[in-house]
Amino acid sequence: MRQNGGVRAVLPWLVACVILAPPAMGAAQEVRAREAYDRAVALEADGNHAAALSLLWAAAGASPGDADIQNRLGEALDRIGALDGAVDAYRRAVAIRPNFGRAMNNLVVALATSGHGAEAVRVAESWSAGRPDDPERLFTVALAQSEQDVDAAMRTLRQVIARRPAHALAHYNLALILKRVDRLDDALEAARRAVDLDPRPETQMLLGSLHAQRGDLAGAEAAIGGALAANPRLDEAWLQMATVRRSRGNAPGAIDALRRALVVRPGSWRAQAMLATLLRQSGDDAGARRASEEAERLRTADQAERAAVVMTTVGIARLDAGDAEGARERFAAAASTADGYAPAHYHLGRALLRLQHVEAARQAFARARRLNPSLVPPDDPR
């Protein structure tokens, strides 16, 4: 579900992830690409996004004409803030399958979020003009408008709802926009309607944040609890729960929520930092000190990994363009910046194979797999 209008963490570099089509492939190569895609989807479901992204890169390079793979690659790049690469992948998906609604929605939101709002609106309006009576295409226009003109976006969303009253995403996105303009009562009504239609976790988290903003902390905890009942592996929901419980004076409950968040995502420096504050307030100075030190370590590692992601993405573009040595340099720099970032070692292995440095490639693949066992070398028979 697109949470358009929220604050997005965008990397400080512009990233271009260009995947060039290789010569005509055989059926076996297409099958391998689909197998990699299916494994990536499973890894994403388990929260292993780094391994999933590497597999999607490989699948997209092997089967550049597969719209589902291109769209999923775009979503993975979008998740890490590599918006230029995401836009490129979404464009490819739509070019391959012109009626691919999900990819078009992803494209216009990525364009709007990356500062190309006017282009997003033009693309969405052109898409809608092809089927002017289709509420799904009108919904795409609303997504594009939401970063340009919130009043126009709200009008369009209401038109979508008038045509299809059970359009849960229209109610959800209307609630998001109403929240942005501080119309909390109207936002709550829209969010409740969205939950009634489709009680997915993201919608219940939005409802929880609206209850909290209005001071209804019990209602907020109930809504967030509903999200966690549906999917207990949402670290952001556990962080939200911790904040609400802390506001309600339930420090032990907040600490428990933070520990659960860390089980789901051990590398969350935000959870460790909040835990340090709560432990200090509860009198556990030693525990607070350990949590604070771990938060700083994780925050520094997160910054390094973000830089490594950019270098790795640029390296993949160079490798796909045929510049194996330039790619090797970028991957090596990424691995040096964040030695624990497994995809950098994995793609370094790919570049070294291309350069026929077989033993060095084997070592790079081995390092990647020690860091993340799901990163199977491309020559592994499995």
In Å and from the alpha-carbon atoms only, list the Rg and Dmax of region 48-89.
-> 9.2, 25
Taking a ≥ b ≥ c as the square roots of the eigenvalues of the Cα gyration tensor, with a/c under 1.5 meaning rounded and otherwise prolate when a/b exceeds b/c and oblate if not, region 115-235 is prolate
In nm, to one decimal, how far is the modelled label at Ala27 from the one at Glu293, with both set 7 Å along Cα→Cβ?
-> 6.0
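FRET efficiency for Glu325 and Gln363, Cβ-Cβ distance as r, R0 = 25 Å, nearest 0.05?
Values: r = 18 Å, r/R0 = 0.72.
For Glu325 and Gln363, the calculated efficiency is 0.90.
If we count other beta carbons within 10 Å of each Cβ, what is the order of Phe139, Phe100, fewest first? Walk me through the numbers on the way to the answer.
Numbers: Phe139 24, Phe100 19.
Fewest to most other Cβ atoms nearby, the residues stand as Phe100, Phe139.
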Whole-Å distance linking the alpha carbon centroid of region 239-269 with that of region 152-177 is 33
Using only Cα atoms, what Kirkwood radius does region 168-268 have, in angstroms?
-> 13.5
Phi-based couplings in Hz for region 203-208 (Karplus 6.51, -1.76, 1.60; Gly and Pro marked x) = 5, 5, 5, 4, 4, x
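Among rounded, prolate and oblate, which fits region 337-382 when a ≥ b ≥ c are the square roots of the eigenvalues of its C-alpha gyration tensor, a/c under 1.5 means rounded, and a/b larger than b/c means prolate?
Numbers: a/c = 2.13, a/b = 1.19, b/c = 1.80.
Because a/c hits 1.5 or more and a/b fails to exceed b/c, region 337-382 counts as oblate.
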Got a sec? Which residues in region 342-377 would a label at His49 touch, if it sits 7 Å along Cα→Cβ and we count backbone N under 15 Å?
-> 342-343
Output the relative contact order of the chain, whole-number percent, from Cα pairs under 8 angstrom with separation of 6+ residues.
-> 11
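Taking the chain, how much of its Cα-Cα pair set, in percent, is spaced more than 27 angstrom apart?
Details: 40125 of 72771 pairs.
Result for the distance tail: 55 percent.
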Karplus couplings for region 173-190 from phi (6.51 cos²θ - 1.76 cosθ + 1.60, θ = phi - 60°), rounded to Hz, Gly and Pro as x?
-> 5, 5, 4, 4, 5, 4, 5, 4, 9, 6, 9, 5, 4, 5, 5, 4, 4, 5
Compute the semi-axes of the equivalent ellipsoid of region 61-119, taking the square root of 5 times each eigenvalue of the Cα gyration tensor, and list them largest first in whole Å.
-> 18, 13, 8
What shape does region 243-351 take by its C-alpha gyration tensor, where a ≥ b ≥ c are the square roots of the eigenvalues and a/c under 1.5 counts as rounded, a/b above b/c as prolate, and the rest as oblate?
-> prolate
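Could you work out the helix-only [θ] at 222 nm for the chain, with each DSSP H run of four or more residues adding -39,500 (n - 2.57) and the total divided by the number of residues, to the nearest 500 deg cm²/dmol?
Details: 19 runs with 282 residues, N = 382.
After summing the helix terms and dividing by the residues of the chain, the value is -24000 deg cm²/dmol.
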Which three extents, in whole angstrom, do the alpha-carbon atoms of region 106-162 cover along their principal axes, largest first?
-> 30, 23, 15
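No value in this document is a laboratory result; all are computed from the given coordinates. Just so it is clear, the model here is predicted, and its values are computed rather than measured. Neighbour counts are summed over all protein chains in view; Cβ atoms, including those assigned to glycine, are modelled from backbone coordinates with ideal geometry.
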